[in-house]
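Novice: Could you have a look at this structure, given as structure tokens, before my questions?
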Amino acid sequence: DIINIKKRGAFILFEGCDKAGKSTQANKLFEYLRNNGHSVELLKFPDRKTKIGQIINAYLANEYELDDKAIHLLFSVNRWERMKAMKNLLLSGKTLIVDRYAYSGVSYSAAKGLDLNWCCSPDIGLLSPDVIFFMDLTAEEAEKRGGFGEERYEKKSLQEKVRKIFYMLKEKDSDKDSLWRILNANQSVELLHKRIVEYSLKLIEKCSQLPLKEDLWK
Ligand code: NYM
Ligand code: MG
């Protein structure tokens, strides 16, 4: 008899500071996988299209003021409101490429001075990524890339703090073998893409056999 074991998709996450090239690499990986017969979808947080996402967008555009803790919780809600759909997609065999997630959520809020553990708590129990491609760039290098834009948080001093907190979150995961892949973002787009593709293809194969985990920071 043929036992039909459904293979799940991989949860591939890109994280990093502003200007590091996350969206460029996420898009390129998405195109590559789609053109090579993979079932794949691209997602981005914050998802600015939902009702909560619209509030977040107004906040980031400096059109709307919110308490630091209130906006932190809204970023988290914006992930929770996508969890069921993401879970179903992964279980149906789709690989998800995600541009920012809870690690950004904690890093930016803690950089503003909020307590790190408090920041982690609303995201506990989210789906866990299978890999985090951390696009690492110093704030100096980021600034050389045409400078930061108009949005809130796009300042060198804050970005430096954000980067440090990303590394603290990596420490928290030191028991999780090869979850974090630190990539020097100051390399050519094509070279980075090649590395990311190679790793992702192996990962997709490996993950298809593993259970899905809803245990972020548990
Ligand atoms: N950001 C993003 C947060 O502060 N918390 C979060 O949970 C997430 C997902 O939003 N400067 C910040 C980081 C960015 C900004 O993201 C918008 P992007 O990827 O630059 O559009
Ligand atoms: Mg940005």
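The values are calculated or read from the model by the stated rules, or taken from the named source; none is laboratory data. Since we're looking at a predicted model, the values are computed, not measured. All Cβ positions, glycine included, derive from the backbone under ideal geometry; neighbour counts span all protein chains shown.
Per-residue answers, yes or no, for (1) touching a helix residue (DSSP H, G or I) at 6+ places or on another chain (Cβ under 6 Å); (2) in contact (Cβ under 8 Å) with a residue 40 or more places away in the chain; (3) surrounded by 17 or more Cβ atoms within 10 Å (Cβ to Cβ):
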| residue | (1), (2), (3) |
| --- | --- |
| Lys19 | yes, yes, yes |
| Ala26 | no, yes, yes |
| Phe30 | no, yes, yes |
| Asn35 | no, no, no |
| Val40 | yes, yes, yes |
| Leu43 | no, yes, yes |
| Pro46 | yes, yes, yes |
| Lys49 | no, no, no |
| Gln54 | no, no, no |
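Novice: Within the stretch 27-73, work out how many residues are in a helix (DSSP H, G or I) and under 20 Å from Glu151 (Cα atoms).
Specialist: Final tally of qualifying residues: 16.
Novice: Ala20 passes all but one of (1) within 23 Å of Lys155 (Cβ to Cβ); (2) out of contact with any strand residue (DSSP E or B) (no Cβ under 9 Å at 6 or more places or on another chain); which number fails?
Specialist: Answer for Ala20: the failing condition is (2).
Novice: From the list Leu66, Leu42, Leu96, Leu114, which one is more than 14 Å from ligand 1 (Cβ to nearest atom) and either on the phi > 0 side of the Ramachandran plot or not basic (Lys, Arg) (or both)?
Specialist: Leu96
Novice: When you go through (1) over 26 Å from Ile182 (Cα atoms); (2) surrounded by 18 or more Cβ atoms within 10 Å (Cβ to Cβ) one by one for Val77, which number turns out not to apply?
Specialist: Against the list (1) over 26 Å from Ile182 (Cα atoms); (2) surrounded by 18 or more Cβ atoms within 10 Å (Cβ to Cβ), Val77 comes up short only on (2).
Novice: Take the residues in the stretch 140-159 that are within 13 Å of ligand 1 (Cβ to nearest atom) and among the small types (Gly, Ala, Ser), then tell me which one is farthest from Glu198 (Cα to Cα).
Specialist: The residue in question is Gly149.
Novice: For the stretch 116-136, check the following and say yes or no: at least one residue is assigned to a loop (DSSP other than H, G, I, E, B), farther than 29 Å from Arg195 by Cα and modelled with pLDDT of 95 or more.
Specialist: Yes.
Novice: Also, I was wondering about something else. Please verify whether Lys7 is among the charged types (D, E, K, R), assigned to a helix (DSSP H, G or I) and either over 21 Å from Tyr153 (Cα atoms) or within 16 Å of ligand 1 (Cβ to nearest atom) (or both), treating the condition exactly as stated.
Specialist: No; evaluated as a whole, the condition is false for this residue.
Novice: Which one of these is over 25 Å from Ala10 (Cβ atoms) and assigned to a helix (DSSP H, G or I): Ser76, Ser104, Ser109?
Specialist: Just a single option satisfies the conditions, and that option is Ser109.
Novice: Please determine whether any residue of the stretch 142-157 is of a type outside the set (D, E, K, R), assigned to a helix (DSSP H, G or I), within 16 Å of ligand 2 (Cβ to nearest atom) and touching a Leu at 6+ places or on another chain (Cβ under 6 Å).
Specialist: No, because not a single residue in the stretch 142-157 is of a type outside the set (D, E, K, R), assigned to a helix (DSSP H, G or I), within 16 Å of ligand 2 (Cβ to nearest atom) and touching a Leu at 6+ places or on another chain (Cβ under 6 Å).
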